[in-house]
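A short reminder: the numbers here are calculations on the coordinates, not readings from a lab. Predicted, not measured: the structure shown is a model, and the values here were computed from it. No Cβ is skipped: glycine too gets one built from the backbone with ideal geometry, and neighbour counts run over all protein chains shown.
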């Protein structure tokens with residue numbers, strides 16, 4: 001689940017420019033795991049950012065686990081496709097899973113591009129793992145879903161010699177706090193990981209669009225941040241009231257439509 005909100009104005013000085021942010025996030029992974037990126041689903045820019053962070057991390061020879069808000073029931077099919085070069089394009093291998101018919105921003109063209117890049121790295125021998133951590137049943141929401149996602153991440157983090165983890169999720173799940181606009185008592189995913197050396201960042205833009213389902217799905221213009229913050233990555237001196245340790249402000253978001261429009265037919269689950 002994600003929401004669009006004005007940018008914070010109570011952080012420290014910008015630590016990295018928007019262009020240098022991927023390398024900055026990769027460097028932070030040396031001492032923080034998981035690093036949680038809270039996004040507005042359905043943009044072209046955020047999956048591209050994730051790919052750039054992974055590229056920077058892998059360039060140093062470091063291993064990494066990428067955790068995506070995809071139903072964990074899709075894990076086996078994703079693993080098989082990532083590791084089998086004979087399987088060819090993603091469409092016939094992946095499109096049959098119900099996830100790709102949701103039509104929301106998590107199953108976008110940009111997300112498929114990210115998966116394709118992970119596949120290329122894997123087949124070139126890079127130490128990058130993929131973890132699908134969402135609930136298998138899209139009707140499950142609220143506290144049960146937050147607990148499931150946190151437990152799935154915790155199981156991976158608790159493995160001996162687990163590599164640093166980069167998590168991409170909706171910006172509500174990424175808040176290390178209790179409560180959201182829909183339920184003041186829900187313990188959010190990031191809150192449930194509070195005993196980990198986690199870092200949670202809110203990824204936002206000054207303006208632009210995203211592929212949003214609310215309730216119909218389509219490209220939606222996002223509100224313009226007022227006052228407009230400077231772009232770049234900054235860490236807050238303390239966790240913000242919204243439960244983030246920092247924010248990355250990009251110049252603009254661009255909506256990314258569903259990866260497989262032909263299978264986009266199922267009712268939209270909670271994102």
Computed label-point distance, nm, for sites residue 137 and residue 262 using a 7 Å Cα→Cβ extension: 3.2
Extending each Cα 7 Å along its Cβ direction at residue 187 and residue 75, get the distance between those two points in nm, one decimal. 2.1
Run the helix sum for the chain: -39,500 (n - 2.57) per DSSP H stretch of 4+ residues, divided by residue count, reported at 222 nm to the nearest 500 deg cm²/dmol. -8000 deg cm²/dmol
Separation between the residue 228 and residue 207 pseudo-spin-labels, each 7 Å from Cα along Cα→Cβ, expressed in nm? 0.7
Efficiency by 1/(1 + (r/R0)^6): what FRET value for residue 178 and residue 31, r their Cβ-Cβ distance, R0 = 25 Å, to the nearest 0.05? 0.45
One finds, for residue 151 and residue 239 with R0 = 30 angstrom and r their Cβ-Cβ distance, a FRET efficiency to the nearest 0.05 of 0.85
